[in-house]
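Step one of this worksheet: look at the structure below.
Nothing in this text is a laboratory measurement; each read-out follows from the coordinates by a stated rule. Predicted model, so just to flag it, every value in this text is computed and none were measured. Using ideal geometry, Cβ is built from the backbone for each residue, glycine included, and neighbour counts are taken over all protein chains shown.
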2 protein chains.
Amino acid sequence: MKILAIYEQTVPLNAPMRNASVAYDTMTASALAVVSDCVMNGEPVVGYAFDSIGRYGKGGLLRDRFIPRLLAASPAALLDQRGLIDPDAAVAALMKNEKDGGHGERPGAVGLIDAALWDLRAKLEARPLWRLLAERAGRPSPQEAQTFDVYGSCGHFRPGRGTAELDGLAREVQAAKAEGFSTIKIKLGGASIDDDLARTRVAIAAAEGARVAVDVNGKLDASIESGWLQAMAQLNVAWVEEPASPLDYHRLSKIAAVTPMPLATGENLFSLDDARNLLRYGGLQPDRDLIQIDISLSYGVAEYLRIVSEFEAAGWSRAAFVPHAGHLFAAQAVAGLGLGMHESASDLSLPFGGLWDGTAIKAGHVAASEAPGVGFELKSSLFQWLKPLVARDRNSAGVSSIIAGTVG
Amino acid sequence: MKILAIYEQTVPLNAPMRNASVAYDTMTASALAVVSDCVMNGEPVVGYAFDSIGRYGKGGLLRDRFIPRLLAASPAALLDQRGLIDPDAAVAALMKNEKDGGHGERPGAVGLIDAALWDLRAKLEARPLWRLLAERAGRPSPQEAQTFDVYGSCGHFRPGRGTAELDGLAREVQAAKAEGFSTIKIKLGGASIDDDLARTRVAIAAAEGARVAVDVNGKLDASIESGWLQAMAQLNVAWVEEPASPLDYHRLSKIAAVTPMPLATGENLFSLDDARNLLRYGGLQPDRDLIQIDISLSYGVAEYLRIVSEFEAAGWSRAAFVPHAGHLFAAQAVAGLGLGMHESASDLSLPFGGLWDGTAIKAGHVAASEAPGVGFELKSSLFQWLKPLVARDRNSAGVSSIIAGTVG
């Protein structure tokens, strides 16, 4: 088999919300389609991927460097012994002539391709991705259905709500609870103890018994840190997310030493190199804290498994791994790799909200899809962004596509 | 004043050489031109920048994110109180809605724009950039000529040389010595003690009294580390560069503790966040070791000065700062900020080799150019890549240009 074409498209999110760090009104994400020369049911088999949200689309790097490099690789070098596409081999080809260090946008471009190739591979085997990932990680793949834990992510700041901000927050949390989430995460500002306490109390009341986690996105003001941590500890939150800037391991270790609250971090570390430094210097506790490295922003599955192994060797369990990015690829990884929890955007009006269409969430548990691949085809609000990528293949109206034969 | 247009071009290097980490045959770099609405001598004043080499051009990020963001900023927000372009304000505008962490390609895209704006600013003041940078850093700007120290960087692996590799290495070092360098850096492989010793001895003999530094580009094999460090210490090298992978501070600190040799590192750390972790965890010694953070790969001058301040507060001196990238912008910074040494590619056949045309190197010292700006116009081998960027302005034959009016 070989790759016939790779299409990418930058998708504007236009979401009228923000967290303590960034606004989403001008945020973008990348959609990717890898078309193979294999045909099933009369159609070419296509692997899809959709970006994690928060660090912009990867279009430039995909077009300038990584798509041309993948298309220039010998097709045989990308296959395993069974003659099927091998995402690990593809990532190795993508990283040829890349220097160590500087893990910023590059890991996301490589990880997006890795994710699409895993979707392709699983479709070629006509199996759900989580079963392949379980095998890749050396875990037994059960015959019966697999369930995994999820938490609902919501409660962003919505500047348009004005004085109704807290009412809106309460409604979001109530809706998440009604959807079946038993753990619900909201955004805090990190700039005012009173504001953040008020917000958290509203969420706890609205959650009606579900656990509430809080996220300051690395923006907890150092001048209020001590009082903020003490006040928040009274509220029994599920965890505090990104209390320190992502690379400030020293500050994180000081916070970890003084607070009893579980801490969660790692969504802005994109490599084994950086994750290992978090492990070495961050002062996190294996029996309490959560690691949120984003799989497809961090070079993909192989690098993620290296990270998990590094932590396991230091006494951590897979249950502490709660990958960032509420997308279906991450859900497959949580199910297949036996990770702790899947983050799911609980606002179903977002194209990246929720799981496969009709998925029932029962007391925070979800049954993994049995559809082949990642199952993008079963999520209509997202698949509307992916399907047109390939439609361009037949009527070449698209301008931001790259076809094997025309890469410069 | 305002910015009329920004042009960028990816330049293929096609250099038939490699270091222990990457080959340069498919390496690219970005050239950038920022055209202002100011006219001097009948011509629009243009700020130029040319990339540091080794981590690929920044075209995609420039086109997708940073050039549009700069052009969308209010012109007034980019000016200082004198009404002139303010690179610090521009960088702040570029970093709006960017998350913390993940310092990979982004710092280089932002730093390239910063560099071009500094060239523009200095030209508007009709002064050499080093005088502006001295003022920016609060240093006295001398009336008379300024000199600074340089070292010659050469001795890459050239696969085409085959068994004549060591002869070729010797000729490169001899040529660097003849050009006037008193410190000359060569590349080692880090895979074999014998090979690296042979290479270093050849270089020391050819250097005829000039100091020889060695660079393993993060690829020193851990299995030979101890013997390699002991053997190399007998040769009295000027420094050992990147003995550990850039983010492996733990390994670096262990090496720093056991070797008497000066260590140099930092060219693959692109932010204050990462530089501070090097300072905290790398075990480097202020009276011995060298910091090689690359200014324009690291968000530019303002971030670099924050890094220098962080190290100064920990007892380091500016003499320990030897920025990566043998380009003219770095030379201006070394002269203006009073840094230790400038790295200069001693192969003058490379477009990024050497300094301004005709610059004399006397016992490792160079006189700073008095031309306005960075002085790209006085380096013909490089300016041939920059000048056509703007020529496109008048006859729109270029396709990879972005003009203010057409940014999507």
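Structure notes:
- Antiparallel DSSP beta bridges within the protein assembly as shown, as percent of all bridges there, nearest 5: 55 percent
- Cα gyration tensor, chain A - rounded (a/c under 1.5), prolate or oblate: prolate
- Take B:M1, push a point 7 Å out from Cα through the beta-carbon direction, and compare it with the same point in every other copy: 5.7 nm, smallest first.
- Comparing B:D357, B:D100, B:D88 in a Gaussian network model of chain B (Cα springs below 10 Å), the most mobile by mean-square fluctuation is B:D100.
- Distances in nm from A:N14 to the matching label points in the other copies, shortest first (labels 7 Å along Cα to Cβ): 4.5
- Chain A: relative contact order in percent, alpha carbon pairs under 8 Å with at least 6 residues between: 20 percent
- The alpha carbon centroids of the range A:239-310 and the range A:2-19 are separated by 27 Å.
- Of interest is the spacing of the C-alpha centroids, which for the range B:162-225 and the range B:60-96 amounts to 43 Å.
- Qualifying trypsin sites (Lys or Arg not before Pro) for the range B:44-100 [loop in DSSP, other Cβ within 10 Å: at most 14]: B:R82, B:K96
- When B:G209 is represented by a point 7 angstrom out along its Cα-to-C-beta vector, the spacings to that point in the other copies are 8.8 nm, nearest first.
- Cα-based shape type of the range B:147-375, given that a ≥ b ≥ c are square roots of the gyration tensor eigenvalues and the cut on a/c is 1.5: oblate
- Applying a threshold of 32 Å to the alpha-carbon distances of B:K177/B:K219; B:K254/B:K379; B:K187/B:K362; A:K58/A:K219 flags B:K254/B:K379 as lying beyond it.
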